[in-house]
Amino acid sequence: SAASDVYKRQPLNYGLKEIMRLETISYNWKDNTVGNTTIPEKYTKKKIGFSAQQLLEVIPEVVQTHSYTTSDEKGNYKRIKNEKLGVYYSDIIPVTVKAIQEQQDQVVSLQSEVDALKNELKLLKELILNKK
């Protein structure tokens, strides 16, 4: 297929284990200026997200550490290190979906175990009641 010509598909290695390691945070931007205007603190919005530094340790693919910028008028680009780390939040979605799938497998397994234990308990109750 055309898609397989563009990229090599592989199963995702990240899932519940990595999601459980992520620290969720709320924060305000340190730089609260727009151009030459300083936004008063009461008007700055609290943001929610993840620490890019921590994401870099857990799921490095979702962190933008470098960018490409034009190096000349001929259309050549060079790779430069970013001053600030960026996060590709949408790239975290497949990891969360995989984590949900893993949890669902655990739920199904636990439900099966609960059902088996309920049946055993029912049989034990019947044995006890029939002995009287």
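Brief remarks follow.
- Restricting attention to the stretch 108-132, the residues being open to solvent by 80 Å² or more (accessible area, probe 1.4 Å) and under 30 Å from residue 11 (Cα atoms) number 4.
- Residue match in the stretch 68-75 (condition: farther than 19 Å from residue 28 by Cβ, of a type in the set (Lys, Arg) and in contact with a strand residue (DSSP E or B) (Cβ under 8 Å, 6 or more places away or on another chain)): no
- Checking residue 127 against (1) assigned to a helix (DSSP H, G or I); (2) at pLDDT 95 or above, the condition it does not meet: (2)
The values are calculated or read from the model by the stated rules, or taken from the named source; none is laboratory data. Treat the numbers as computed from the prediction; the structure is a model and nothing was measured. Cβ coordinates were reconstructed from backbone atoms using ideal geometry, including for glycine residues, and neighbour counts include every protein chain displayed. What goes into the accessible areas is simple: the full protein's heavy atoms, side chains included, and nothing from ligands, DNA or RNA. Shrake-Rupley method; radii C 1.70, N 1.55, O 1.52, S 1.80 Å.
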